[in-house]
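Comments concern the structure below.
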Amino acid sequence: MTIWALALHGGAGAIAERVYQQEEEHMAALLEQGAAMLARGESALDVVTEMAAALEACGLHQAGKGSAPNANGIVELDASIMDGPTRAAGAVAALQGFLSPIRVARGVMEKTPHVLLVGDGADAFAAAQGFARVEDPKSYYATASSGLASSAGLGTIGAVARDAKGRLAAATSTGGLQGKMPGRVGDTPIIGAGCWADQRAAVSCTGLGEYFMRVNAAADVSARIAYANVSLESSAAAVIEDVRQLGGYGGLIAVDAAGNLSAPFCSQGMKRGIASSWGLREIKTFR
Ligand code: ASP
């Protein structure tokens with residue numbers, strides 16, 4: 001039997017006072033698309049790219065179209081992607097005016113000798129490569145016009161997958177924290193903090209990025225498996241506990257080489273969906 005596993009998240013900014021039916025319905029449909037891609041044998045890297053791009057485009061989370069502006073009213077986007085088997089990685093930070101930061105991050109991974117491009121340099125690279133632009137930021141960004149996803153001031157999207165060949169990959173994308181200082185960069189585009197994939201685990205984080213950077217959260221999930229010989233579940237839970245003890249909050253999604261999935265969080269909620277080849281399907285926002 002073909003083994004595959006997939007997890008998606010739409011951020012740890014979910015608050016108990018709100019109902020997330022639309023987000024959950026969209027995520028359920030997307031999860032089925034991702035499941036079908038993996039069942040057909042598509043690569044984990046392609047699946048997380050497509051899942052993240054769709055989560056960016058839907059406007060229901062604080063990433064891509066749903067991004068909230070910084071303190072100056074400008075949307076600055078962060079994203080990263082990592083391929084487990086090769087540990088190739090690409091990221092952009094404080095990118096402005098492009099529809100899919102995750103596709104630009106993948107471009108950095110595949111078309112440059114670098115891992116991270118920021119600000120004007122990231123914009124110039126995206127323009128030179130012909131990535132699709134946001135034509136009219138004022139009307140495009142959902143939060144700027146409606147306050148839609150801004151309920152808790154944060155949100156991010158992510159995807160992790162284990163494909164039929166056992167390859168792992170992770171992708172994370174965000175508009176960052178609403179009202180952040182111009183130029184502020186969180187964990188999302190930092191390989192090791194907000195995104196990680198190697199041969200042991202693929203991880204995508206969400207929450208107060210400063211804390212995830214200080215515990216090097218995403219890479220630590222894999223390191224704990226390697227050094228402490230613990231399961232994905234205990235490793236992921238220990239990393240979130242580390243974030244919590246420092247005073248931060250948020251969560252992560254993770255998958256290991258065997259296709260085990262884990263999605264711990266210490267925030268009120270975390271929009272998430274998991275699916276696997278052995279029939280697992282779960283879409284949840286709260287506990
Ligand atoms: N981690 C993201 C950041 O700090 C925000 C989030 O996950 O909601 O930029």
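The values are calculated or read from the model by the stated rules, or taken from the named source; none is laboratory data. Source: prediction; values computed, not measured. When we count neighbours, we look across all protein chains shown, and the Cβ atoms used for this are built from the backbone with ideal geometry, even at glycine. In case anyone asks, the SASA skips ligands and DNA or RNA and just uses the protein heavy atoms, side chains included. Shrake-Rupley method; radii C 1.70, N 1.55, O 1.52, S 1.80 Å.
In segment 174-204, which residues are of a type in the set (S, T, N, Q) and more than 8 Å from the ligand (Cβ to nearest atom)?
To start, the set of residues in segment 174-204 that are of a type in the set (S, T, N, Q) comprises 174, 178, 188, 199, 204.
Gln178, Gln199, Ser204 - these are the residues of segment 174-204 that are of a type in the set (S, T, N, Q) and more than 8 Å from the ligand (Cβ to nearest atom).
Is at least one residue of segment 235-251 within 14 Å of the chain's Cα centre (by Cα) and either touching a residue at least 60 places away in the same chain (Cβ under 8 Å) or on the phi < 0 side of the Ramachandran plot (or both)? Steps first, please.
At the first step, the residues of segment 235-251 found to be within 14 Å of the chain's Cα centre (by Cα) are 250-251.
Next, only the ones that are either touching a residue at least 60 places away in the same chain (Cβ under 8 Å) or on the phi < 0 side of the Ramachandran plot (or both) stay: 250-251.
Yes, some residue in segment 235-251 is within 14 Å of the chain's Cα centre (by Cα) and either touching a residue at least 60 places away in the same chain (Cβ under 8 Å) or on the phi < 0 side of the Ramachandran plot (or both).
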Revision key, fill the gap. Considering segment 33-52, residues that are part of a helix (DSSP H, G or I), open to solvent by 10 Å² or more (accessible area, probe 1.4 Å) and in contact (Cβ under 8 Å) with a residue 40 or more places away in the chain, and then whichever is nearest to Gly279 (Cα to Cα), we arrive at Ala39
Check your understanding: Within segment 10-26, can one find any residue that is of a type in the set (Phe, Trp, Tyr) and under 27 Å from Gln268 (Cα atoms)?
Key -> yes
Review point. Does segment 1-9 contain any residue that is over 15 Å from the mean Cα position of the chain (by Cα) and modelled with pLDDT under 95?
Key: yes
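Only residues that are farther than 15 Å from Ile191 by Cα, part of a helix (DSSP H, G or I) and either within 16 Å of the ligand (Cβ to nearest atom) or open to solvent by 40 Å² or more (accessible area, probe 1.4 Å) (or both): list them for segment 205-235, please. It would help to see each step written out before you state the result.
Within segment 205-235, the subset farther than 15 Å from Ile191 by Cα is 207-208, 224-235.
This time we only want the ones that are part of a helix (DSSP H, G or I), so: 224-228, 232-235.
Scanning segment 205-235 gives Arg224, Ala226, Tyr227, Ala228, Glu233, Ser234.
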Point to revise | Flag for Glu24 being at pLDDT 95 or above, closer than 18 Å to Ala170 by Cα and surrounded by fewer than 24 Cβ atoms within 10 Å (Cβ to Cβ) | key: no
